[in-house]
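The values are calculated or read from the model by the stated rules, or taken from the named source; none is laboratory data. From a predicted model like this one, the values you see are computed outputs, not experimental measurements. Cβ: placed from backbone, ideal geometry, glycine included. Neighbour counts: every protein chain shown. To get the accessible areas, we keep the full protein, side chains included, count just its heavy atoms, and leave off ligands, DNA and RNA. Shrake-Rupley method; radii C 1.70, N 1.55, O 1.52, S 1.80 Å.
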Amino acid sequence: MKANIHSLESFGTVDGPGIRFVIFLQGCPLRCVYCHNPDTWDKKGEGKYQLSPEELLAEVMKYKNFIAKGGVTVTGGEPIMQAAFVKEFFMLCKENGIHTALDTSGAIFNQTVKEVLDIVDLVLLDIKSIDQMQYRELTGVKIDNTLKCLNYLEEKNIRAWIRHVVMPGWTDNDILLNRLADFLKPYKCIEKVELLPYHKMGVNKYEQMGMDYRPGDLPALSEERLLNAKDIFKKAGLKV
């Protein structure tokens, strides 16, 4: 079994706790309006690496001393499109005492995905919007599997961080932010919520790939509006 890997990052600091080795898998069923990695969408597109779980672990072990207080994060694209590989790789990580994190939208939910969730140390679950219609507009898919994933994390008491992009004109909306905060509040598995400000760092990729960037000239989220969003979640008793 070999994974189709878009890229590797040996010194990640924003994808889970501590310094992490980050694996970006190729392929994603979502088409998020603000995605800054459209080059990861095509599942059949050949990534930079084609590695087995054992070969990938060998790469990770080169940096074990650097990530000792962090670990490994598998992201994408959407990593659970290659769930069987992720499961085998995480099992090897656990055998070697390496902390594991999965960054996922929860867009796929089946038995193999459950088996991945059962062994991972931390799930970074991306919730694009709490409104079903807006979720579909933002991503091109339904929210259903994401919510099934969250409920499974709660049922199995699996540690979770929620990630939510705050985007002007879309999710930067006090009504929607309050709805999301109220929705998340009862979940005991959620350790914190990461509110991510919309930015335009991926625009160049769209130009290089000859693709239209749907947000156009939409400005990046202001610091004031980010603080406003954080206040809403703090008032709901959630850590941000």
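Could you please give the count of residues in the range 205-236 that are assigned to a loop (DSSP other than H, G, I, E, B), out of contact with any helix residue (DSSP H, G or I) (no Cβ under 8 Å at 6 or more places or on another chain) and within 19 Å of residue 165 (Cα to Cα)?
Here the count works out to 9.
Which residues, taken from the range 11-37, are touching a Lys or Arg at 6+ places or on another chain (Cβ under 6 Å) and either part of a loop (DSSP other than H, G, I, E, B) or under 23 Å from residue 170 (Cβ atoms) (or both)?
18, 27, 33
Report, ordered by the first and then the second residue, all pairs with beta carbons closer than 7 Å, sequence separation of six or more or different chains, a first member in the range 18-29 that is more than 15 Å from residue 105 (Cβ to Cβ) and touching a residue at least 24 places away in the same chain (Cβ under 8 Å), and a second member that is part of a strand (DSSP E or B) and aromatic (Phe, Trp, Tyr).
Within 7 Å, the pairs are 19/11.
Given the residues 96, 145, which is the only one that is within 23 Å of residue 19 (Cα to Cα) and free of Cβ contacts under 8 Å to residues at least 60 places away in the same chain?
96
Could you identify the single residue in 53, 79 that is under 14 Å from the mean Cα position of the chain (by Cα) and crowded, with 19+ Cβ neighbours inside 10 Å?
The conditions single out 79.
Going by what's in this entry, would residue 209 be described as under 21 Å from residue 124 (Cβ atoms), open to solvent by 20 Å² or more (accessible area, probe 1.4 Å), at pLDDT below 95 and not aromatic (Phe, Trp, Tyr)?
In short, no.
Can you tell me which residue is farthest from the chain's Cα centre (by Cα) among those in the range 212-227 that are of a type in the set (A, V, I, L, M) and surrounded by fewer than 16 Cβ atoms within 10 Å (Cβ to Cβ)?
Step by step, filter the range 212-227, then rank; the result is 227.
List the pairs whose first member sits in the range 32-45 and is open to solvent by 40 Å² or more (accessible area, probe 1.4 Å), whose second member is of a type in the set (A, V, I, L, M) and in a loop (DSSP other than H, G, I, E, B), and whose Cβ atoms are under 7 Å apart, counting only residues at least 6 apart or on separate chains?
Filtered contacts from the range 32-45: 36/201; 39/209.
Can you tell me which residue in the range 56-76 is surrounded by the most Cβ atoms within 10 Å (Cβ to Cβ), limited to those that are touching a residue at least 40 places away in the same chain (Cβ under 8 Å) and assigned to a helix (DSSP H, G or I)?
Here the residue is 56.
Among 105, 129, which is of a type in the set (Ser, Thr, Tyr) and either on the phi > 0 side of the Ramachandran plot or touching a residue at least 60 places away in the same chain (Cβ under 8 Å) (or both)?
105
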